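The values are calculated or read from the model by the stated rules, or taken from the named source; none is laboratory data. The structure displayed is predicted, hence computed values, not measured ones. Note: ideal-geometry Cβ built from the backbone for every residue, glycine included; neighbour counts use all protein chains shown. These accessible areas exclude ligands, DNA and RNA; they are computed on the full protein's heavy atoms, side chains included. Shrake-Rupley method; radii C 1.70, N 1.55, O 1.52, S 1.80 Å.
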Amino acid sequence: MDKSWMHSDRRSKAYEFGVEAFLNFAVENLLTTTHIRCPCVKCVNLKLFGVGIIRDHLYFNGIDQSYKNWTFHGEPWEATTNASRNVEEDDGHSRYSFVSEEIDMDDNDFGDFGSDPYEFANVIGDGDQPVYPGCRKYTKLSALVKLYNLKAKHGMSDVCFTELLILQGDLLPEGNTIPTSMYEAKKTLCALGLSYEKMHACPNDCILYRKEYEDSTNCPTCGISRWKQGKDSILKEGVPAKVVWYFPPIPRFKRMFQSHETAKSLT
């Protein structure tokens with residue numbers, strides 16, 4: 001498929017025809033018009049929208065020109081040598097186990113990335129690079145994880161974090177691999193996360209507010225309100241009284257089966 005339109009002026013006919021061709025391609029492959037990843041430069045495939053909103057985003061924000069292989073929209077993955085790399089194990093533990101201990105990702109930032117095993121393998125491969133030539137203490141990935149943890153811990157804004165990354169890059173020796181923006185950092189870190197869903201629940205654990213109960217405001221079993229009650233005994237509509245987290249198992253099995261050692265144990 002011709003993708004030259006991605007570099008065209010957004011006011012041109014070539015861009016207009018390209019956007020429509022892309023949207024048609026996505027709908028044909030994903031068989032949905034309401035839950036499609038938006039590839040604009042602001043959403044960078046982190047958010048799901050309907051076709052109309054995505055069309056607006058592509059005109060107002062422009063498409064992410066680094067998104068060359070449309071894997072999130074049905075295009076087959078172009079296999080690389082990195083894609084087949086396995087995460088090696090030392091004494092039964094991944095050499096990147098620090099990720100789960102150090103990083104504090106916000107689901108609003110990173111959505112449900114991480115289910116693509118090839119994407120994860122590529123990130124791990126890139127993470128082997130030293131943060132600057134000759135550095136033995138930090139790799140690109142370990143340094144980025146620690147920096148992002150500081151962002152989450154101290155509530156830095158994206159703008160502040162971008163400026164910190166730029167300063168860090170200037171302070172380190174030439175040839176360092178520190179990203180220069182929050183946008184670049186997100187693209188690296190999002191592949192490390194695994195998806196989860198937050199579901200509203202009855203405080204007495206009677207039901208989950210999903211499927212036929214999705215729009216209910218009171219539990220059909222015990223009658224308690226779905227919403228949290230404030231100190232003044234007034235219900236805070238829109239604020240759930242109880243939330244449970246659901247962790248889909250399939251993406252986690254895919255991640256674990258990437259290691260030969262873990263795959264043996266699982267089998």
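For the reader, a short list of remarks on this structure follows.
- In order along the range 219-234, phi translates into HN-Hα couplings of 5, x, 8, 10, x, 6, 5, 6, 9, 6, 9, x, 4, 8, 6, 9 Hz, rounded to whole numbers, per the Karplus curve 6.51 cos²θ - 1.76 cosθ + 1.60 with θ = phi - 60° and x for Gly and Pro.
- Rounded to the nearest whole Hz, the Karplus-based 3J(HN,Hα) values (6.51 cos²θ - 1.76 cosθ + 1.60, θ = phi - 60°) of the range 154-164 follow the sequence 10, x, 5, 6, 4, 5, 4, 5, 4, 5, 5, with x at glycine and proline.
- For Lys228, residues with placed amide H under 5 Å, excluding near neighbours: Lys236, Val239, Ala241
- Sorting 222-228, 183-189, 212-218, 10-16 by average packing, meaning the other beta carbons within 10 Å per residue, from highest down gives 183-189, 222-228, 10-16, 212-218.
- Å² of accessible area per residue within the range 144-267, as computed with a 1.4 Å probe and no ligands counted: 63
- Sequence-ordered 3J(HN,Hα) estimates for the range 257-267 from the Karplus curve with 6.51, -1.76 and 1.60 and θ = phi - 60° stand at 6, 6, 9, 4, 5, 5, 4, 4, 5, 5, 5 Hz, glycine and proline given as x.
- Once backbone amide H atoms are built at 1.01 Å from N, Cys40 has Asn45, Asp64 as its partners under 5 Å, excluding neighbours fewer than 5 places away on the same chain.
- Greater than 28 Å apart at Cα, pairs in Lys3/Lys151; Lys13/Lys68; Lys47/Lys140; Lys198/Lys264: Lys3/Lys151; Lys198/Lys264
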